[in-house]
Amino acid sequence: MSLKGSKTKSDFIEWNTAQLLIQKLERDGDWKFALLIATGIYTGLRISDILSLKWSDLLGQDSLRITEKKTKKDRTITINPQLQEIVSRIYSKKVDVDANGLIFVNRWGTDVISRQYINQKLKKIATRYKITKDPSSIKSHSLRKSFGRRVFENNDSSELSLLLLSDILNHGSPKTTKIYLGIRDREIQDVYVNL
């Protein structure tokens, strides 16, 4: 646990690990967190934007139009077919559907779950399913970083992918995106491993 007001660094989840985690959470009946993780890694949205989503925003939709809370910028996101399948499967289980149609509500259905709760739960999930050596590095922001790493790697780790990600993530520059994704740190570590 970090001190109040201090910043801690979140890490990304490897794509295949995240896919398996979603499947395991669904299997174990933790549908809300299976969907939270899926939504985060397939959209790249910040947690504040994910928490404002309603079932009608995702269910049966090809795209999602959202005004980001932090940047106030409009964004249209194509909803990946795999995310559409996950949303449909989980919705069919009627998980915590509240009167306002919000997806990520607390167990009483009175409010959205908090970022603090999400971070605590993700740490427990990371520990239980052994998805990283440092479970405390998995936080709500890890989902957005996982999206970024996937886009970067799917585009041959190119400069073009950094330009695209910089725009998608609303960063000031590709340099910021590179730092955000921890690309330089990872490349330096790989130098030593690959000797």
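The values are calculated or read from the model by the stated rules, or taken from the named source; none is laboratory data. All figures in this text were calculated on a predicted structure; none of them were measured in a lab. Positions of Cβ are backbone-derived with ideal geometry, glycine not excepted, and every protein chain shown enters the neighbour counts. All accessible areas refer to the heavy atoms of the entire protein, side chains included, with ligands and DNA or RNA removed. Shrake-Rupley method; radii C 1.70, N 1.55, O 1.52, S 1.80 Å.
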In degrees, nearest 10, the alpha-carbon axis of helix 159-168 is tilted away from the dominant principal axis of the alpha carbons of the chain by 30 degrees
With the 8 Å Cα cutoff and a minimum separation of six or more residues, the chain has a relative contact order in percent of 24 percent
Here the gain from full extension of Leu163 to Gln120, 0.36 nm per residue of separation minus their alpha-carbon distance, amounts to 12.2 nm
Once Asp134 and Lys175 are pulled to full extension, the length gained, defined as 0.36 nm per residue separation minus their Cα-Cα distance, is 12.1 nm
Connecting every pair of Cα atoms under 10 Å apart in the chain and solving the GNM, the largest mean-square fluctuation among Ile13, Ile183, Ile125 falls on Ile183
Once Gln82 and Asp28 are pulled to full extension, the length gained, defined as 0.36 nm per residue separation minus their Cα-Cα distance, is 17.5 nm
Any lysines whose Cα falls less than 27 Å from that of Lys24, other than same-chain ones fewer than 8 residues away, would be Lys9, Lys32, Lys54, Lys93, Lys94, Lys121, Lys123, Lys124, Lys130, Lys133, Lys139, Lys145
Spelling it out for Val105: with amide H atoms placed in the peptide plane at 1.01 Å from N, the residues 5 or more places away or on another chain with amide H under 5 Å from its amide H are Ile113
For Leu83, the accessible surface traced by a 1.4 Å probe with all protein chains present amounts, in square angstrom to the nearest 10, to 0 Å²
Taking r as the C-beta separation of Glu14 and Asn155 and R0 as 22 Å, the FRET efficiency to the nearest 0.05 is 0.85
Note, the range 126-138: 3J(HN,Hα) by Karplus (6.51, -1.76, 1.60, θ = phi - 60°), whole Hz, Gly/Pro = x, goes 4, 6, 4, 9, 6, 8, 7, 6, 10, x, 6, 7, 9
From highest to lowest solvent-accessible area (probe 1.4 Å; ligands, DNA and RNA excluded), Asp57, Asp49 read Asp57, Asp49
So the angle from the long Cα axis of helix 183-193 to the longest Cα principal axis of the chain, reported in degrees to the nearest 10, equals 60 degrees
With every protein chain in place, the accessible area of Ile113 for a 1.4 Å probe, in Å² rounded to the nearest 10, comes to 10 Å²
So for the range 111-195, using the alpha carbon gyration tensor with a ≥ b ≥ c as root eigenvalues (a/c under 1.5 gives rounded; past that, a/b versus b/c decides prolate or oblate), I'd call it oblate
Loop-resident chymotrypsin sites (Phe, Trp or Tyr not before Pro) in the range 60-153 with no more than 14 other Cβ atoms inside 10 Å, DSSP not H/G/I/E/B, are Trp108
Given (i) 14.5, 40; (ii) 18.0, 57; (iii) 16.8, 58 as possible values of Rg and Dmax of the Cα atoms in Å, the one from the coordinates is (iii)
Amide H neighbours of Ile79 at under 5 Å, excluding residues fewer than 5 places away on the same chain, with H built from the backbone geometry, are Ser63, Leu64
Per-residue accessible area, 1.4 Å probe, largest first, puts Ile131, Ile79 in the order Ile131, Ile79
In degrees rounded to 10, the 0-90 angle between helix 81-91 Cα long axis and the longest Cα principal axis of the chain is 40 degrees
The FRET efficiency for Arg184 and Asn106, from their Cβ-Cβ distance with R0 = 45 Å and rounded to 0.05, is 0.70
